[in-house]
Amino acid sequence: MAFKLNEKTLPIDVAFTHKDIQYPANWLRLSTAKEKKDLGITEVADDPVYDSRFYTGDGTAKALDDKTETVNGEEIKTIGVKTILKAQEKHTAGSLLAKYDWYVVRKAETSKAIPTVIKTYRTAVRTACATRETEIDNCADTAALVTLYGFKEDGTPNMTQYPEDPNE
């Protein structure tokens, strides 16, 4: 919540002066609603904050799918939210896999086996990534994407999770 006095915003935890009386920085936090009202201070709702992954600053939903337009004879492709999110998933999976890439190189160079726990983990990472990409693709609208990236009532994520690192 923001506070205004005579159309001027009063920042929280900042001292202010009104009618030659100086009020301490904590006055807005400690005063009652009646004390604020008696002074002429009004509460103003904060501007809404939108998740920039899905919305522009004014709350307009971003385009979910890629769009190709021809402008002055040139094709221009605008990347949609789903493509961006799937690229982020590929990056995340790549980061998780990179930690154990040396096993793959060692196997190629020396034929020494990759430990089963590492092979299982790497397969699970690739599977989780593919599943997450499918979950993204299956969202019909922005609300569905927001829900997908949210949490259930018990606090668990709605989206498929990556496996736990076997060495952590």
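Rg(Cα) of region 100-155 divided by 2.2 N^0.38 Å?
1.71
Considering just Cα atoms, how many Å³ per residue does the convex hull of region 75-129 enclose?
Normalising the Cα hull of region 75-129 by residue number yields 97 Å³.
Express the Stokes-Einstein translational diffusion coefficient of the chain in µm² s⁻¹, to the nearest whole number, given a Kirkwood radius over alpha-carbon pairs, 37 °C and a viscosity of 0.692 mPa s.
Stokes-Einstein gives a translational diffusion coefficient of 154 µm²/s.
With +1 on each Lys and Arg Cβ and -1 on each Asp and Glu Cβ, how big is the dipole of region 1-142 about its Cα centre, in debye rounded to the nearest 20?
940
Taking Cα atoms, how many degrees apart are the long axis of helix 81-98 and the longest axis of the chain, rounded to 10 and kept between 0 and 90?
That works out to roughly 60 degrees.
Taking the Cα centroid of region 100-137 and of region 49-83, what is the distance between the two, rounded to the nearest whole Å?
Rounded to whole Å, the Cα centres lie 33 Å apart.
Starting from the Cα of E164, move 7 Å in the Cα-to-Cβ direction to define the label point; list residues of region 122-143 whose amide nitrogen is under 17 Å from there.
122, 124-125
How far is helix 116-137 tilted off the main Cα axis of the chain, in degrees rounded to 10, range 0 to 90?
The angle comes out at about 50 degrees.
Tell me, what is the 1.4 Å probe accessible area of F54, in Å² to the nearest 10?
0
Where the convex hull is taken over the Cα atoms of region 20-78, what is its projected area averaged over directions, in nm²?
In nm², the orientation-averaged hull projection of region 20-78 is 8.4.
Would you tally the net charge around A33, using a Cβ to Cβ cut-off of less than 15 Å, leaving A33 out, and scoring K and R as +1, D and E as -1?
So the surrounding residues net to +2.
For a quick check: with amide H placed at 1.01 Å from N, whose amide H comes under 5 Å from F3's, ignoring anything fewer than 5 positions away on the same chain?
Hits under the 5 Å cutoff: L10, V44.
With every protein chain kept in place and ligands, DNA and RNA left out, what is the accessible area per residue of region 1-85? Probe 1.4 Å, answer in Å².
It amounts to 74 Å² per residue over region 1-85.
The values are calculated or read from the model by the stated rules, or taken from the named source; none is laboratory data. In this text, all values refer to a predicted model and were calculated from it rather than measured experimentally. Here Cβ is always computed from backbone atoms with ideal geometry, including for glycine, and neighbour counts include all displayed protein chains. Side chains are part of the model used for accessible areas, which takes the heavy atoms of the whole protein and leaves out ligands, DNA and RNA. Shrake-Rupley method; radii C 1.70, N 1.55, O 1.52, S 1.80 Å.
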